[in-house]
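I have a structure I would like to understand better, so I am pasting it below and will then ask my questions one at a time.
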Amino acid sequence: MTPEEAFALVERHIESGMVADASTLRETKFGFYYHVTSEAYLRSGDMMDMPIGSCGVIVDRITGEVHDLG
């Protein structure tokens, strides 16, 4: 699986109102990590609009499973 294929899976997986950032890619032996944040935070820059938790996802490079991280 390529990072681009993994990112496409992430974009389909995340809930409405959230966005994934392809520039935050961290590639590991397990798979691909991408940071996810809220559209509201990107618009406002207000910490009150930031989601709670680590807000990232990992895509398993073998199975394509997407795992939320908090």
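Take the residues of segment 43-67 that are surrounded by 13 or more Cβ atoms within 10 Å (Cβ to Cβ) and without any contact (Cβ under 8 Å) to a residue 40 or more places away in the chain: which is nearest to the chain's Cα centre (by Cα)?
So, considering only residues that are surrounded by 13 or more Cβ atoms within 10 Å (Cβ to Cβ) and without any contact (Cβ under 8 Å) to a residue 40 or more places away in the chain, the one nearest to the chain's Cα centre (by Cα) is GLY56.
Of everything in segment 1-22, what is farther than 11 Å from VAL57 by Cα, small (Gly, Ala, Ser) and either modelled with pLDDT of 95 or more or out of contact with any Phe, Trp or Tyr (no Cβ under 9 Å at 6 or more places or on another chain) (or both)? Give them in sequence order.
Across segment 1-22, the qualifying residues are ALA8, SER16, GLY17.
Hey, another quick one. For a quick check of your reading of the model, give me the residue pairs whose first member lies in segment 1-29 and is touching a residue at least 12 places away in the same chain (Cβ under 8 Å) and under 15 Å from CYS55 (Cβ atoms), whose second is among the charged types (D, E, K, R) and open to solvent by less than 100 Å² (accessible area, probe 1.4 Å), with beta-carbon atoms closer than 8 Å and at least 6 apart or on different chains.
Every condition considered, the pairs that remain are GLY17/GLU39; MET18/GLU39; VAL19/GLU39.
Considering only segment 47-69, state which residues are modelled with pLDDT of 95 or more and among the charged types (D, E, K, R).
Residues satisfying the conditions are ASP60, ARG61, GLU65.
The values are calculated or read from the model by the stated rules, or taken from the named source; none is laboratory data. The model shown is predicted, which means the values in this text are computed figures rather than measured ones. A quick note on method: Cβ atoms are made from the backbone with ideal geometry, for glycine too, and the neighbour counts reach across all protein chains shown. Just the protein is used for accessible areas: all its heavy atoms, side chains included, with ligands, DNA and RNA removed. Shrake-Rupley method; radii C 1.70, N 1.55, O 1.52, S 1.80 Å.
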